[in-house]
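Laboratory data are not the source of any read-out in this text; all were calculated from the coordinates shown. Every value quoted in this text rests on a predicted model; they were computed, and no experiment measured them. Cβ placement follows ideal geometry from the backbone for every residue including glycine, while neighbour counts extend to all protein chains displayed.
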Amino acid sequence: MFTMPTLNYAQLAPILIVLGGALLGVLVEAFFGSKRRGPIQITLSLGTLVISFAWLLRIRNDISATAAMGSVATDGFGIFLQGTILVLAFLAVLLIADNDHFAPAVSALPGSEEEAAAISSGSRTTEVFPLTLFAVAGMMLFPIASDFITLFVALEVLSLPLYIMTGLSRRRRLMSQEAALKYFLLGAYSSAFFLFGIAFLYGYSGTLSLTDVGTANIFSAGSPVFLYIGMVFLTIGLLFKVGAVPFHSWTPDVYQGAPTPITGFMAACTKIAAFGALLRIFYGAFFLMQYSWKPFLTTIAIITMVLGSIAAMTQRDIKRTLAYSSITHAGFLLAGVVALNKAGLAASMFYLVAYGFATVGAFGIVTLVRDSSGEVTDLSKWAGLAKKSPLVSVAMALFLLSFGGVPMTSGFISKFSIFTAAYQSGNIAIVVVGVLSSAIALFFYLRVVLTLFFQEAPTDGVSVVIPSIMTRIAIGICAVMTLLLGVYPSLLLNLVDTMSTLVH
Amino acid sequence: MNILSFVTLFPLLGVVALAFMPKTNTHQIKIVALGISIITMLLSFVMALKYKSPASGFAYVTSHPWVSSFHINYALGIDGLALVLILLTTVLVPIVVLGGWNESEGGRWSVKTFYMLILVLETFMIGVFAATDVFLFYVIFEAMLVPVYFLIGGFGTGERAAAALKFLLYSLFGGLLMLAAVIGIYIISAEQAIGSFDVTALSHLTIDHATQNWLFLGFFIAFAIKAPLWPFHTWLPGAAKAATPGTSILLLGVLDKVGTYGMIRFCLTLFPDATKTFAPYIIVLSVISVIYGAFLAIGQKNLNSLIAFTSISHFGFITLGIFAYTSQGLTGATFYMVNHGFSTAALFLVGGWMISRRKSAAIEDFGGLQRITPVMAWLFFVSGLSALALPGLSSFVCEFLVLLGTFTRYPVAAIIGTLGIVLAALYILILVQRTLHGPLKSGNESMTDLNLREKIAIAPVIAALVILGFYPKPALHVINPSTTSVMAQMNVTDPHVLAGK
């Protein structure tokens, strides 16, 4: 028999607003001429994100596990991550708004007459805005989903737009499309793993609710083998999304191929959403079985940190370097997951915010460094940039030092709090490996800084385009936050302390 | 804001002032930088005159919550050990500014950037000695690398970028090991319901032996890289060779002292048992440093790397004194830190002037300077004598104290260490003979003697070396109480000296 669901619309409103904005965006695509779409879409997207954030502020203290019949849990943790995603998406949209990054006619073959016609007619790809909003809605649902079906739906809602957005790059289109295809195929593959895991968990426990699966362990008479299989497959699906070794191989290719603002959006927001889900599942549903998965996840964290930082050393392309850096960061964040204490949860939340700002900022700067044929991501061409554009170089150095965890930047406090939480949980191995791989990672961040500041500029050098006002705002906010959270981290640390609550 | 905080933060005021000045007005920028650093120095003198050794703990204590969720405070305070090092810093900075008046020009960036970096560095250097919160200390310890990195890479010579990177990587690597230990000791303090980074509170923890050993190593390796102790020294010669003389003075004179300072402040007082466990091994490393540094100094062809290697030898003496943990050893080591700062400053200053006049740092290019530039030659000679610890100069007092203090606990190490003095005479006198004496080498004819600005810059350094050599009492008077308190915290007493003394 079908019972009418009772939904608490007030608590779901932030997500619904974003979805509504996305649908309006689709209508704008249909009813407005290509010339006028751009400004309308930008205003619409930014407005939607702001309204959603304002609503989120209103309901920030309404904690409930039953907003949608037990399918979502709006708690401090979830609301905090939703807010973070909205803020970072806002900054990313500011970067996306610069129309030089997207192919004017996506369906046209690269180099075809059709494409040339589209370029000369001045049309632009504005579909990217509603797609972004759809992805944001999925990302906001992912960390608060508290049953497996909702989790899966959120995963798909956030992934599908990203697959398309990856293929939209204006330049190097074949590479971009290849990246999109690769992302899609591997993403579909991991979704299958994810779903397979859910099926096993359902088979074992007879329920789809995260909470009930968590306690089923104690009462179930079934063989725990099914539980383990379910857990492993589900975890693999999630690890793919966060880009942990050995499920990381898509990351460098996709990060490199995607239009740079999209890469920034993806790198920051997807990671937050995916770690949100990961933390909720492991701190909640799988908490009681921690002795069965902790060694497994600890191993993954360790190899992710080490391999990520070693692989990054050999990269010659800034986007690939940042991709490997994001893999390394996934390893550090996993250390927060296996810490499995309140400090670990709070530290992970802080880490995600700090990482998100630095990531959007760093990719924002990558969009600015160009030569006549567009963005230049080859690191050797970046040599001596500080001479020509000191401000941009200083900002880039700030983001890189933050990634490297140098004191006075937000990245240092992130690492400090994550390692403190891990140490507290008695997992000293992960702290030692973490510290050592930080040292390796520092090497390649500093190498980029060195290239920027201490190398002579090549004659066919690149230049930094004058950033649009929106790009300027985005990078500026990211830089200020990176510095502020490093110098006065209490602002955010106190907030994550109070917000780090999970309801089951 | 008490005077200690004020002295610490005052140079930042200069940074702000410089930021608003036009880039092109280099002369004015230099004057402002000099003025700010002199005022900082005078302020620190005022602070020193009013300083009274506290019965326990620190003077001029100030503490404000900084990161409350981790019980981190902006906590400053000084004892004798910190005070003398802060004075060393505040005296050396104006000397560096004045002595290297023109070294800021011709760098990768503007003169303005150079002095902003120097003044930021000064705040960090004072702050690192004043911090009584382990976390704050760590943050400054790491953050101060950044201005030095840019000073070497942006204004140095030769392989400056590579040297800067090597310096930074070594230091950050050590720093990360220390970070793990900092976190470890915080967790232990939280488990023992203190939950603090305060260095005094942490020294009251009871930590089991195995954990102490690990934490000790985390701190010690970071400090040994900084100090630099053999075999962690390999970054130093390159950095000293590439850096400008002024940067080298601050690097070897002050920054490296943070390593030896940290050994006393943190290794000895927080982990007394581990110190006793590791001391014999560290004594061996120190003796190796003394001898190794001296031997390599003899063979150097580059003036700057020669000074760098003599410093490795001298740092060996300092760690020898520290890890003998006797009252003469510790006092001698602390006093050595100050004197080494001055004598290295003198060597780098005069050496830097010689190099900039000759446009070469190769020792073989010099010769017969005594004939044409007598003032410069004499000053170089005196600086050299101070480096070889001639009686009457301050470095003699401390070297003597260190060896005396070491002898009572580790007689063999002290005896071998004494060889270092002999070798020091060798490398200094060979250097003096090659550069100053003998016939005038071609290429040196047009060298000019020191001008007034340079004489004013070097005068206080030479004065300090001579005055502290004859009358070290004021310094020792300040240092002794903190030595006593370190010994008390370690719960050790001086070994009984055998009859016949």
Sorted on mean Cβ neighbours within 10 Å (highest first), peptides A:332-343, A:314-325, B:312-323 come out as B:312-323, A:332-343, A:314-325
From the Cα centre of the stretch B:94-113 to that of the stretch A:23-44, the distance in Å is 56 Å
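Could you sort out which of B:226/B:473; A:241/A:415; B:30/B:52; B:359/B:441 sit more than 26 Å apart by Cα distance in this structure? Mind showing how you got there, number by number?
Values: B:226/B:473 29 Å; A:241/A:415 21 Å; B:30/B:52 35 Å; B:359/B:441 14 Å.
Distance filter (> 26 Å) returns B:226/B:473; B:30/B:52.
At 4 °C and 1.567 mPa s, what whole-number value in µm²/s does Stokes-Einstein give for the translational diffusion of the protein assembly as shown, with Rh from the Kirkwood sum over Cα pairs? List each step's numbers first, then the result.
On the way: Rh = 30.4 Å.
Answer, rounded: 43 µm²/s.
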Partner lysines whose C-alpha sits under 21 Å from that of residue A:381, ignoring same-chain residues fewer than 8 away, are A:319
Under the 7 Å Cα-to-Cβ spin-label approximation, residue A:43 and residue A:27 lie apart by a distance in nanometres of 1.6 nm
Here the FRET efficiency for residue B:205 versus residue B:3, based on Cβ atoms and R0 = 35 Å and rounded to 0.05, is 0.65
Cα-based Debye curve of the stretch B:46-130 sampled at q = 0.23 Å⁻¹ gives log₁₀ I(q)/I(0) of -1.09
Simple spin-label estimate for residue B:453/residue B:191, 7 Å along Cα→Cβ, in nm, reads 5.9 nm
Cross-link reach from residue B:50 to aspartates and glutamates, straight Cα distance under 14 Å and at least 8 residues apart if same chain, gives B:79
Any aspartates and glutamates whose Cα falls less than 19 Å from that of residue B:241, other than same-chain ones fewer than 8 residues away, would be B:103, B:105, B:159, B:256, B:364, B:365
Counting all Cα-Cα pairs in chain B, those more than 36 Å apart amount in percent to 25 percent
log10 I(q)/I(0) for the stretch B:96-157, Debye formula on C-alpha points only (no solvent), q = 0.14, 0.21, 0.27, 0.28 Å⁻¹, two decimals, reads -0.43, -0.80, -1.07, -1.12
Hull volume per residue for the stretch B:1-93, using the convex hull of the C-alpha atoms, in Å³ is 112 Å³
Taking Cα atoms only, helix B:111-130 is inclined relative to the longest principal axis of chain B by an angle, in degrees rounded to 10, of 30 degrees
Taking R0 as 25 Å and r as the Cβ-Cβ distance between residue A:69 and residue A:342, the FRET efficiency 1/(1 + (r/R0)^6), rounded to the nearest 0.05, comes to 0.35
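Taking each residue of A:446-457 in turn, how many C-beta atoms of other protein chains fall within 10 Å of its C-beta, and what is the average?
Values: counts 6, 2, 0, 7, 7, 1, 0, 8, 12, 1, 2, 0.
Per residue, the number of nearby Cβ atoms from other chains is 4 on average.
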The orientation-averaged projected area of the Cα convex hull of the stretch B:54-102, in nm², is 5.2 nm²
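Using only the alpha carbon atoms of the stretch A:246-395, find the Kirkwood hydrodynamic radius as the inverse mean reciprocal pair distance, in angstroms to one decimal. Each step should come with its number before you reach the end.
Values: mean 1/r = 0.0606 Å⁻¹.
About 16.5 Å for the stretch A:246-395.
Which loop-located chymotrypsin sites (Phe, Trp or Tyr not before Pro) does the stretch A:57-153 contain, where loop means any DSSP state but H, G, I, E or B and the Cβ has at most 15 other Cβ atoms within 10 Å?
Values: sites: A:77, A:80, A:90, A:102, A:134, A:148, A:152; in loops: none.
Here no loop site has a sparse enough neighbourhood.
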Cα-based Rg and Dmax for the stretch A:219-258, in Å, come out at 15.0, 49
The stretch A:154-283 -> Rg/Rh from Cα coords, Kirkwood Rh, value 1.07
With R₀ set to 56 angstrom, the calculated FRET efficiency between the beta-carbons of residue B:45 and residue A:296, to the nearest 0.05, is 0.35
One quarter of the C-alpha convex hull surface, i.e. the mean projected area of the stretch B:201-290 in nm², amounts to 6.2 nm²
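Normalise the Cα radius of gyration of the stretch B:300-446 by 2.2 N^0.38 Å (N = residues in it) and let me know the number.
1.12
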The whole-number value in µm²/s of the Stokes-Einstein translational diffusion coefficient for the stretch A:1-75, with Rh from the Kirkwood sum over alpha carbon pairs at 20 °C and 1.002 mPa s, is 152 µm²/s
So the pair-distance distribution of the stretch A:9-499, from every Cα-Cα distance in 10 Å bins, comes to percents of 4, 21, 32, 27, 12, 3, 0, 0
The stretch A:287-341 and the stretch B:38-69 have their Cα centres apart by a whole-number Å value of 43 Å
Between the Cα axis of helix B:473-490 and the main Cα principal axis of chain B, the angle (0 to 90°, nearest 10) is 40 degrees
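Enter the per residue convex hull volume of the stretch B:244-339, computed from alpha-carbon coordinates, in Å³ rounded to the nearest integer. Don't skip to the end; give the middle numbers.
Values: hull volume 7.8 nm³, N = 96.
Dividing the Cα hull volume of the stretch B:244-339 by its residue count gives 81 Å³.
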Loop-resident GluC sites (Glu not before Pro) in the stretch B:73-139 with no more than 15 other Cβ atoms inside 10 Å, DSSP not H/G/I/E/B, are B:105
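For the stretch B:285-379, divide the Cα radius of gyration by the Kirkwood radius and give the resulting Rg/Rh value with two decimals. Show your work: numbers first, answer last.
Values: Rg = 15.6 Å, Rh = 14.5 Å.
Answer for the stretch B:285-379: 1.07.
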Taking the reciprocal of mean 1/r across every pair of different Cα atoms in the stretch B:316-367, the Kirkwood radius in Å is 12.8 Å
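Given the DSSP H assignment, sum -39500 (n - 2.57) over each helix run of at least 4 residues in the protein assembly as shown and divide by its residue total; what's the result at 222 nm in deg cm²/dmol, nearest 500?
Helix contribution divided over all residues of the protein assembly as shown: -23500 deg cm²/dmol.
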If each K or R counts +1 and each D or E counts -1, the residues other than residue B:259 whose Cβ falls under 15 Å of its Cβ total +1
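Would you mind giving the average projected area, over all directions, of the Cα convex hull of the stretch B:440-501 in nm² with one decimal? Each step should come with its number before you reach the end.
Details: hull surface 39.5 nm².
If you wrap the Cα atoms of the stretch B:440-501 in a convex hull and average its projections, you get 9.9 nm².
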Square roots of five times the C-alpha gyration tensor eigenvalues of the stretch B:382-501, ordered largest first and given in whole Å, equal 37, 20, 10
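Average partner chain C-beta neighbours within 10 Å, per residue of B:172-181?
Numbers: counts 8, 7, 1, 7, 11, 4, 1, 10, 9, 1.
Other-chain Cβ atoms within 10 Å of each residue's Cβ, averaged: 6.
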